[in-house]
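The values are calculated or read from the model by the stated rules, or taken from the named source; none is laboratory data. Bear in mind that the values here come from a model prediction, so they are computed numbers and not experimental data. Neighbour counts run over all protein chains shown; Cβ positions are idealised from the backbone, glycine included. For accessibility, only protein heavy atoms count, side chains too; no ligands or nucleic acids. Shrake-Rupley method; radii C 1.70, N 1.55, O 1.52, S 1.80 Å.
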Amino acid sequence: MTPDPAGVLRSVFGYASFRGPQAAIVAHVCGGGSALVLMPTGGGKSLCYQIPALCRPGTAVVISPLIALMQDQVAALRQAGVRAAALHSAESPEAVAATWRELQAGRLELLYVSPERLLAGDLIERLAQLPLALFAIDEAHCVSQWGHDFRPEYLQLAVLVERFATTPRIALTATADPRTRAEIVQRLALEQAAVFTASFDRPNIRYLLRDKLEPQRQLLDFLDGQRGHSGIVYARSRKRVEQFAAALVAAGHDALAYHAGLSAEQRAAGLERFRHGSGVVVVATIAFGMGIDKPDVRFVAHVDLPKSLEAYYQETGRAGRDGLPAVAWMVHGAGDVPQLRRFIEDSEADPEQKRIEHGRLDALIGFAEASSCRRQILLSYLGEPGSDPCGNCDICLEPDQGTDVTEAARKALSAVYRTGGRFGAAHLVDVLLGGDTAKIRSQGHDRLGVHGIGRELDRGQWRTLFRQLTARGYLMSSTDGHGGLAFGPDTLVRPLLRGEQRLEMRLPPPARVRRGERAEAGPGGAPSTGNADPDLLAALKTWRLEQARQQGVPPYLVFQDRTLITIAERHPVDREELSGIYGIGQAKLASYGAAVLALVSRHPAPA
Ligand code: ADP
Ligand code: ZN
């Protein structure tokens, strides 16, 4: 008799119900169908293949690009009482031999392999002799040359299609980019597969953006509200990573630096400390990221602008995988932009690619400077327009910072019009401020009526205004590719020029104020532990840390925070009550039930 997926979800994983499209995906794959699954980080992709793996006869083969990810998944499955193993270059010969025996005897439910290991030697031939439940291709965007995590070995996975035509294939990714999706379908021959898409919204992440004034002090202020929480701080360069990490350590944080300039051993040790500790802060360049599936990262902070809005989404997405409240905090200032532009210009990319990169950067700047809900902008960029304001971003939480810029916007549009729609923002701002540059004189722009009509704003404010007008579609880059600005669609521009429409946006404070100002400490958005008994919760955390140490696994594999918080809320008195709690399946009940109940009995519920 085949097990029923909802029963497996409860008894093995300890979860009450499927989330979003999980139920449909599991049913489809259990029935032998192939699938492409597009789900955000933390959306619950693993269960989409783990449950069919347990419901279908044979071993499921999971292809995963990173050893750390495989090790985590295998350890988590074993905690849940599932027979899982991994084959990759870091396994000892004895462990490999044991895995082989298990595999051949049909005892393995899931086998994790790296793509290079799958394709090496005769593994494919050997697998072809065995009953296989399915192939899962995790991080499937690695097959795309367009995406940023391209891995050439993934291209060879096409062999699965030829060799195992009747075995279901399920490819999974958190990439939202349509071009990458199309490439996955083509390269993994998933034209016939069902496509399942979850919303890419991450409602538990609070987006907080701040003007960049004194980033180090602002970061320290923010982190004061995050003490005891694990988090990631992203900075642009190795040098800045080192500098910020040192400042955090000096302020008493358990912080470490992570960048490509460190040795492999140093990086592995840092990663280990982050995964096994609680309250460790990693200050990192973007080299730190894929493969972090720690569920209880409570914040991701950016002290420099990321490369693009996609990059921002992926980097911030590492916070709050466990669904509990988390914060994405960023300071941003126009000062970051020229350097990012230069990176693009200095790269090897062809002109078409560079143009796309500039466009992606523009989208990020539009997001950072927006005066409407951040989540709405992010979601509409990810192809999900039309959502309501979220109530969980700085704009929604701290409204009223917009000023009426209708007049200034009309002046900006006039400057574009009078100069022929061919010049970039820098020159247009010079004209509005009444500048006396060589370009202004040679073009005769000092003789235009718009010359010098914009002295009420300073240069930084004008630049913001031009970027916002572009982000909102009033202006667009002219088609000749020289970065000049031209009018957007008539239907937008005309009402504004005629004074039929008003425009509000947030401008940075004038430069003279900016230099002297001290920033406020923002709301931290720390997750609440609700009605949990604090003493019991502390005791449970201490117990968990000890268990994790003894077994050499990260604490969150023993129990996630949410499980401990729920125990400390409900004070379960017997196994039955315990088994109803989030994340407690039969195996964990058997291994840890007695110890947890003993702890609870020492911290009884208030009468
Ligand atoms: P992804 O791989 O998509 O980033 P994971 O598979 O790691 O996400 O799942 C994220 C978290 O959500 C994990 O802690 C997982 O145990 C939990 N989770 C997934 N599905 C469910 C569910 N149906 N009910 C409760 N928790 C779930
Ligand atoms: Zn919002």
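Exactly one condition in (1) of a type in the set (D, E, K, R); (2) at pLDDT 95 or above; (3) surrounded by fewer than 19 Cβ atoms within 10 Å (Cβ to Cβ) is false for ARG206; which is it?
Result: ARG206 passes all but (3).
Hey, any hits in segment 503-513 for a residue that's surrounded by 12 or more Cβ atoms within 10 Å (Cβ to Cβ) and at pLDDT below 65?
Looking for residues that are surrounded by 12 or more Cβ atoms within 10 Å (Cβ to Cβ) and at pLDDT below 65, one finds none in segment 503-513, hence no.
Just name the residue that is farthest from ligand 1 (Cβ to nearest atom) out of those in segment 1-31 that are small (Gly, Ala, Ser) and open to solvent by less than 30 Å² (accessible area, probe 1.4 Å).
Top of the filtered list is GLY7.
Please enumerate the residues belonging to segment 389-410 that are assigned to a helix (DSSP H, G or I), touching a Lys or Arg at 6+ places or on another chain (Cβ under 9 Å) and crowded, with 17+ Cβ neighbours inside 10 Å.
Scanning segment 389-410 gives ASP394, ILE395, CYS396.
Read through the list (1) within 16 Å of ligand 1 (Cβ to nearest atom); (2) farther than 19 Å from LEU219 by Cα, then give the number of the only condition that GLN353 fails.
Unmet for GLN353, out of (1) within 16 Å of ligand 1 (Cβ to nearest atom); (2) farther than 19 Å from LEU219 by Cα: (1).
Going through segment 373-388 one residue at a time, which ones are open to solvent by 50 Å² or more (accessible area, probe 1.4 Å) and modelled with pLDDT of 90 or more?
Within segment 373-388, just GLN376 meets the criteria.
Pick from ARG267, ARG236, ARG273: which is closer than 19 Å to PRO306 by Cβ and surrounded by fewer than 22 Cβ atoms within 10 Å (Cβ to Cβ)?
Of ARG267, ARG236, ARG273, the one residue that is closer than 19 Å to PRO306 by Cβ and surrounded by fewer than 22 Cβ atoms within 10 Å (Cβ to Cβ) is ARG236.
Any chance segment 345-353 includes a residue that's open to solvent by less than 30 Å² (accessible area, probe 1.4 Å) and charged (D, E, K, R)?
No, that holds for no residue.
Determine, yes or no, whether LEU160 is part of a helix (DSSP H, G or I), in the same structural domain as MET39 (by TED's automatic domain parsing) and either open to solvent by less than 60 Å² (accessible area, probe 1.4 Å) or under 18 Å from PHE299 (Cα atoms) (or both).
yes
Report whether or not ALA486 is surrounded by 20 or more Cβ atoms within 10 Å (Cβ to Cβ), among the small types (Gly, Ala, Ser) and in contact (Cβ under 8 Å) with a residue 40 or more places away in the chain.
So ALA486 does not fit the description; no.
Of the conditions (1) within 16 Å of ligand 1 (Cβ to nearest atom); (2) open to solvent by 10 Å² or more (accessible area, probe 1.4 Å); (3) farther than 20 Å from PRO65 by Cβ, LYS307 clears all except one; give me its number.
Here LYS307 clears every test but (1).
Residues of segment 32-55 being more than 14 Å from VAL82 (Cα to Cα) and either away from ligand 1 (no atom under 15 Å from the Cβ) or not small (Gly, Ala, Ser) (or both), which ones?
Once the filter is applied, which keeps residues that are more than 14 Å from VAL82 (Cα to Cα) and either away from ligand 1 (no atom under 15 Å from the Cβ) or not small (Gly, Ala, Ser) (or both), segment 32-55 yields GLY32, GLY33, SER34, LEU36, VAL37, LEU38, MET39, PRO40, THR41, LYS45, CYS48.
Here's the yes/no breakdown for (1) at pLDDT 95 or above; (2) crowded, with 20+ Cβ neighbours inside 10 Å:
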| site | (1), (2) |
| --- | --- |
| ALA247 | yes, no |
| HIS259 | no, yes |
| TRP329 | yes, yes |
| GLN339 | no, no |
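Here is a check on your reading of the model: is SER278 open to solvent by 60 Å² or more (accessible area, probe 1.4 Å), of a type outside the set (A, V, I, L, M, F, W, C) and modelled with pLDDT under 95?
When the stated conditions are applied, SER278 passes them.
From the list ILE184, ILE170, which one is within 16 Å of ligand 1 (Cβ to nearest atom), at pLDDT 85 or above and in contact with a Cys (Cβ under 7 Å, 6 or more places away or on another chain)?
Answer to the selection: ILE170.
So is ALA247 within 16 Å of ligand 1 (Cβ to nearest atom) and in contact (Cβ under 8 Å) with a residue 24 or more places away in the chain or not?
no
Quick check on ALA80: is it under 30 Å from the mean Cα position of the chain (by Cα), over 30 Å from GLY383 (Cβ atoms) and modelled with pLDDT of 95 or more?
The answer is yes for ALA80.
Being touching a residue at least 60 places away in the same chain (Cβ under 8 Å) and either open to solvent by 30 Å² or more (accessible area, probe 1.4 Å) or farther than 21 Å from GLN73 by Cβ (or both) is true for just one of THR316, THR285. Which residue is that?
Unique residue meeting the criteria: THR316.
Out of the residues in segment 111-136 meeting the condition of being buried (at least 21 other Cβ atoms within 10 Å of the Cβ) and farther than 19 Å from SER89 by Cβ, tell me which one is farthest from the chain's Cα centre (by Cα).
Step by step, filter segment 111-136, then rank; the result is ALA133.
Scan GLY225, GLY252 and give me the residue that is more than 16 Å from ligand 2 (Cβ to nearest atom) and on the phi > 0 side of the Ramachandran plot.
Criteria check complete, one pass: GLY252.
Being assigned to a helix (DSSP H, G or I), within 16 Å of ligand 1 (Cβ to nearest atom) and out of contact with any Ser or Thr (no Cβ under 7 Å at 6 or more places or on another chain) is the requirement here; does GLN339 meet it?
When the stated conditions are applied, GLN339 does not pass them.
Checking ALA370 against (1) open to solvent by less than 70 Å² (accessible area, probe 1.4 Å); (2) within 23 Å of LEU324 (Cα to Cα); (3) touching a helix residue (DSSP H, G or I) at 6+ places or on another chain (Cβ under 7 Å), which single condition isn't satisfied?
Single failed check for ALA370: (2).
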